[in-house]
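K.L.:
Dropping the structure in here first, questions after.
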Amino acid sequence: MDTHLRYRPGVDTPDIKTVYDFTREKGIVRAAEFCNGSGDCRKTHLSGGTMCPSYMATRDEKHTTRARGNVLREYLRKPYVKNRFNHNEIFGVMDLCLSCKACKSECPSGVDVAKLKSEFLQHYYEANGVPFRSRLIANFANLNRLASIWPAIYNFTVSNAFAAGIFKRISGFATQRSLPLLAKTTVGSWFQRHQADLKHERQKRKVYLFNDEFTNFNDAGTGKHAVLLLEHLGYEVILPEHAESGRAHISKGLLKKAREIAINNVMSLREIISEETPLVGVEPSAILTFRDEYIDLVTDDLKLDAQNLGENALLFEEFIVREMKKGHITSASFTTDHRNIKLHGHCHQKAIASQVPTVQMLSLPINYEVEVIPSGCCGMAGSFGYEKEHYVISMKIGELVLFPAIRGKEPDVLIAAPGTSCRHQIKDGTGETALHPIDILYQALR
Ligand code: SF4
Ligand code: SF4
């Protein structure tokens, strides 16, 4: 009974300096120790849920949530060395974690491996340098801003098999992947012209739209639909000044830069965002940084502001449902045509928020029927599925539930997916076009 225990009495838990605030968890070692070994993260896709996609696809203990908790606990408790994170063994176990955050909500102990992985990468790269591809991905928003000066040239280059092939080989992206294209006009520049053209009276209800880097540069059509839909429903839409979300930096482990971005956004938005004037987001992985990572990234003096901001940062669907409940939005604004929709929810939405508001929003047109696909992670997970060494497993994850469900649908059934990378994965994996729920609702306006 008293042998092979995890710890012996009198062993100290080291106090390790981190970029994220782990006060709630009582330090990063305790955060890794949340794992009690129950093995719920060894579920298969047949059990439903999202945790843990890399185990579901490999059936290898090394790629479970538990393995990630175990490896960190082992190495972080070793006798003092300059950088406790500098071990290739940890990197090997963390490598297939898609940072989907499913463990944060589905693991009985709430082990948050996405947070642990980002913190690990920050320290590992401090010792070993940041790889070129990670820098490229982290600077996605800046590069897109530059390329958006001549989007046609960029789009031609990334669509041209020869030029794109060279770029993908040099940068370490899978050659089988198509790369995201740039919109001809960003949401920001369109909105400036649109505002100048607006002649309607000032509306009583105001809403701030978080023009995230994915919507602004790549999915501008959806961003415009979000603005037009809200205006049609009687809201004044404001695009406030803000920085990018920092999602790419967080997922690549460049946490010090992510912290700067979080501080910037909290300082720019804290005075204007409130329950009456919320911040509404299109891309779940971007807007949910306010509810999740920012609170643990900002300095102590900004914590309260970050928390308030997080409470009033809503998914577009959450905002619409909130307004439906107040009677401000009703089915009368929408078509009575019949439509069937299959919905694939975003992992971060499932973990930090819920898919229910998306279903409720899509059911506003009285004859729209929404079926939730019992899929977990789509396998793309931001940049994960684009990376050449992750391409095969990314497609394998997609094939577990999502791709077969889409291939089996009737031709007139719409596919809804709020996540930009989910929509890309659906296109690459099945050839079908998935729409953001905002696009579907916009098209359903009377
Ligand atoms: S990570 Fe969570 S689900 Fe997996 S073994 Fe540990 S406690 Fe159980
Ligand atoms: S974040 Fe997702 S992929 Fe990573 S350990 Fe948790 S459930 Fe698994």
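The values are calculated or read from the model by the stated rules, or taken from the named source; none is laboratory data. Keep in mind that this is a model prediction, so the values were computed, not measured. Cβ atoms come from the backbone with ideal geometry, glycine included; neighbour counts cover every protein chain shown. These area figures cover heavy atoms from the full protein model, side chains too; ligands, DNA and RNA do not enter into them. Shrake-Rupley method; radii C 1.70, N 1.55, O 1.52, S 1.80 Å.
K.L.:
Per DSSP helix of 4 or more residues, -39500 (n - 2.57); summed, then divided by the residues of the chain. What does that give at 222 nm, rounded to the nearest 500? Walk me through the numbers on the way to the answer.
P.N.:
Numbers: 25 runs with 215 residues, N = 446.
Calculated at 222 nm, the ellipticity per residue is -13500 deg cm²/dmol.
K.L.:
Please compute the net charge surrounding Lys115, taking Lys and Arg as +1 and Asp and Glu as -1 over other residues with Cβ under 13 Å from its Cβ.
P.N.:
Values: positive: Arg24, Arg30, Arg68, Lys101, Lys104, Lys117; negative: Asp21, Glu25, Asp112, Glu119, Asp292, Glu293, Asp296.
Overall, the nearby charge balance is -1.
K.L.:
Normalised by the number of residues in the chain, what is the relative contact order in percent for Cα pairs under 8 Å and 6+ residues apart?
P.N.:
Details: 716 pairs, mean separation 67.7, N = 446.
With pairs under 8 Å counted, the relative contact order is 15 percent.
K.L.:
Another question, then. To the nearest 10 square angstrom, how much accessible area does Glu33 have with a 1.4 angstrom probe?
P.N.:
Here the residue's solvent-accessible area equals roughly 30 Å².
K.L.:
Using alpha carbons only, how many degrees (0 to 90, rounded to 10) separate the axis of helix 420-430 from the longest principal axis of the chain?
P.N.:
Tilt relative to the chain: about 90 degrees.
K.L.:
So what is the diffusion coefficient of the range 250-378 in µm² per second by Stokes-Einstein at 4 °C and 1.567 mPa s, using a Kirkwood Rh over Cα pairs?
P.N.:
Rounded, D is 80 µm²/s.
K.L.:
Measuring from centroid to centroid over Cα atoms, what is the spacing of the range 124-154 and the range 226-294 in Å?
P.N.:
Taking the Cα centre of each part, the range 124-154 and the range 226-294 sit 20 Å apart.
K.L.:
In bins 5 Å wide, starting from 0, what share of all Cα pairs of the range 16-62 does each bin hold, as a percent?
P.N.:
Distribution as computed: 5, 19, 20, 14, 14, 16, 10, 1, 0 percent.
K.L.:
Probe of 1.4 angstrom, ligands and nucleic acids ignored: what's the accessible area per residue over the chain, in square angstrom? Working shown, then result.
P.N.:
Numbers: 20000 Å² over 446 residues.
Averaged over the residues of the chain, the accessible area is 45 Å².
K.L.:
Is the range 75-215 rounded, prolate or oblate when judged by the Cα gyration tensor, a ≥ b ≥ c being the square roots of its eigenvalues, rounded requiring a/c under 1.5 and prolate requiring a/b larger than b/c? Don't skip to the answer; put the middle values down first.
P.N.:
On the way: a/c = 2.76, a/b = 1.51, b/c = 1.83.
Since a/c reaches 1.5 but b/c is at least a/b, the shape of the range 75-215 is classed as oblate.
K.L.:
Further question: Please find, in a Gaussian network model of the chain (springs between Cα atoms separated by less than 10 Å), the residue of Phe22, Phe91, Phe162 whose mean-square fluctuation is greatest.
P.N.:
Checking each option, the largest mean-square fluctuation is seen for Phe162.
K.L.:
Additional query: Quick one: Kirkwood hydrodynamic radius for the range 354-446, alpha-carbon pairs, angstrom, one decimal? Please list the in-between numbers first.
P.N.:
Values: mean 1/r = 0.0719 Å⁻¹.
One decimal place: 13.9 Å for the Kirkwood radius.
K.L.:
What order do you get for 437-445, 230-238, 150-158 when each peptide is scored by the mean count of other beta carbon atoms within 10 Å, highest first?
P.N.:
Details: 437-445: 20.8, 230-238: 17.6, 150-158: 14.4.
The most tightly packed comes first, giving 437-445, 230-238, 150-158.
K.L.:
Also, I was wondering about something else. Work out the charge dipole of the chain with +1 on the Cβ of Lys and Arg and -1 on the Cβ of Asp and Glu about the Cα centre, then indicate which of Leu179, Leu146, Ala67 is farthest towards its positive end.
P.N.:
Ala67
K.L.:
Taking Cα pairs under 8 Å and at least six residues apart, what relative contact order does the range 331-443 come out at, in percent? Walk me through the intermediate numbers first.
P.N.:
Working: 168 pairs, mean separation 33.1, N = 113.
Relative contact order for the range 331-443 comes out at 29 percent.
K.L.:
Follow-up question, since we're still on this one. What is the ratio of the Cα radius of gyration of the range 283-326 to 2.2 N^0.38 Å, where N is its residue count, to two decimals?
P.N.:
Details: Rg = 11.9 Å, N = 44, 2.2 N^0.38 = 9.3 Å.
Computed over Cα atoms of the range 283-326, the ratio equals 1.28.
K.L.:
Quick check: from the Cα gyration tensor, does the range 216-278 come out rounded (a/c under 1.5), prolate or oblate?
P.N.:
Details: a/c = 3.44, a/b = 1.54, b/c = 2.23.
Oblate, because a/c is 1.5 or more while a/b does not exceed b/c.
K.L.:
Still on this model: If the cut-off is 13 Å between C-alpha atoms, which aspartates and glutamates fall inside it for Lys115, apart from same-chain ones fewer than 8 positions away?
P.N.:
Straight-line reach from Lys115, under 13 Å: Asp21, Glu25, Asp292, Glu293, Asp296.
K.L.:
Oh, and also: Give a quick list of trypsin sites (Lys or Arg not before Pro) in the range 59-161 that DSSP marks as loop, anything other than H, G, I, E or B, with at most 15 other Cβ atoms within 10 Å. It would help to have the intermediate numbers written out before the result.
P.N.:
Values: sites: Arg59, Lys62, Arg66, Arg68, Arg73, Arg77, Lys82, Arg84, Lys101, Lys104, Lys115, Lys117, Arg133, Arg135, Arg145; in loops: Arg59, Arg77, Lys82, Arg84, Lys101.
Those that pass, being in a loop and sparsely packed, are Arg59, Lys82.
K.L.:
Can you pick out the pairs among Lys117/Lys257; Lys252/Lys427; Lys78/Lys252; Lys168/Lys342; Lys252/Lys396 whose Cα atoms lie more than 27 Å from each other?
P.N.:
On the way: Lys117/Lys257 16 Å; Lys252/Lys427 24 Å; Lys78/Lys252 25 Å; Lys168/Lys342 32 Å; Lys252/Lys396 22 Å.
Over 27 Å Cα-Cα: Lys168/Lys342.
K.L.:
I'd like the projected area of the chain, averaged over all directions, using the convex hull of its alpha carbons. Report it in nm² with one decimal. Let's see the in-between values first.
P.N.:
On the way: hull surface 91.3 nm².
Mean projected area of the Cα convex hull: 22.8 nm².
K.L.:
Right, another one. Give the carbon-plus-sulfur fraction of the accessible surface of the chain in %, rounded to a whole number; probe 1.4 Å, heavy atoms of protein chains only.
P.N.:
That fraction is 52 percent.
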